[in-house]
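Undergrad: One structure, pasted below without further comment.
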Amino acid sequence: MVARYIPAPGDIVWTDFSPTKGHEQSGRRPAVVITVRSYAKASGICTVCPVTSHAKGYFNEVPFATKDVAGVVLVDQHRTLDFEARSLVRAGKVSPQTLIEIRRRTG
């Protein structure tokens with residue numbers, strides 16, 4: 001039996017944000033988990049902020065880079081997802097300082 005992946009704060013995950021409307025980030029892309037793990041485990045959902053490689057220099061962008069993923073976190077487009085239905089795949093973790101900055105800007 002394969003262990004169930006439970007997202008943790010700061011995890012970088014790949015997911016598909018579709019369907020979307022308007023200017024929302026769409027398609028398969030990385031995202032950063034901001035939900036505490038205990039809530040994700042109990043509820044089956046987690047809140048993530050999408051990542052883009054196309055920085056525009058806006059206040060809502062938190063830049064980061066890891067060995068495998070780099071870009072800016074769009075903190076104003078956070079979204080709550082059913083992490084099992086969307087089959088999140090873990091792709092790394094942001095630094096503690098980056099997670100603090102993401103949380104500071106999401107309120």
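Undergrad: Let me confirm the definition first: pairs of Lys residues in region 11-106, 8 or more apart or on different chains, C-alpha distance under 27 Å. How many are there? Write down the numbers at each step before the final one.
TA: Working: Lys21/Lys56; Lys41/Lys93; Lys56/Lys67; Lys56/Lys93; Lys67/Lys93.
Taking region 11-106 as the scope, the lysine pair count is 5.
Undergrad: So for region 23-66, what percent of the C-alpha to C-alpha distances run longer than 13 Å? Please report the intermediate quantities before stating the final value.
TA: On the way: 607 of 946 pairs.
Of the Cα pairs, 64 percent sit more than 13 Å apart.
Undergrad: Taking the Cβ of Ile45 as the centre, find all other residues whose Cβ is under 11 Å away and add up their charges (Lys, Arg: +1; Asp, Glu: -1).
TA: Once positives and negatives cancel, what remains is +1.
Undergrad: Sort out the exposed loop trypsin sites (Lys or Arg not before Pro) in the chain (DSSP loop, at most 14 other Cβ within 10 Å) and tell me the longest stretch that has none.
TA: In the chain, the maximal stretch lacking such sites is 68-107.
Undergrad: Further question on the same structure: Taking only Cα atoms, what is the 0 to 90° angle, nearest 10, from helix 96-106's long axis to the longest principal axis of the chain?
TA: Computed tilt is about 80 degrees.
Undergrad: Within 10 Å of each candidate Cβ there may be at most 15 other Cβ atoms; applying that plus a DSSP loop requirement, which chymotrypsin sites (Phe, Trp or Tyr not before Pro) in the chain survive?
TA: Tyr5, Tyr58, Phe59
Undergrad: Extension gain Arg28-Thr80, at 0.36 nm per residue separation less the Cα-Cα distance, in nm?
TA: In short, 17.2 nm is gained.
Undergrad: Averaging the inverse of every distinct alpha carbon separation and then flipping it gives the Kirkwood radius. What is it for region 11-106, in angstrom units? Mind showing how you got there, number by number?
TA: On the way: mean 1/r = 0.0748 Å⁻¹.
Computed over region 11-106, the radius equals 13.4 Å.
Just so you know, all these numbers are worked out from the coordinates, no wet-lab data involved. As the structure is a computational prediction, the values presented were derived from the model and not from experiment. Virtual Cβ from ideal backbone geometry, glycine too; neighbours counted across all protein chains shown.
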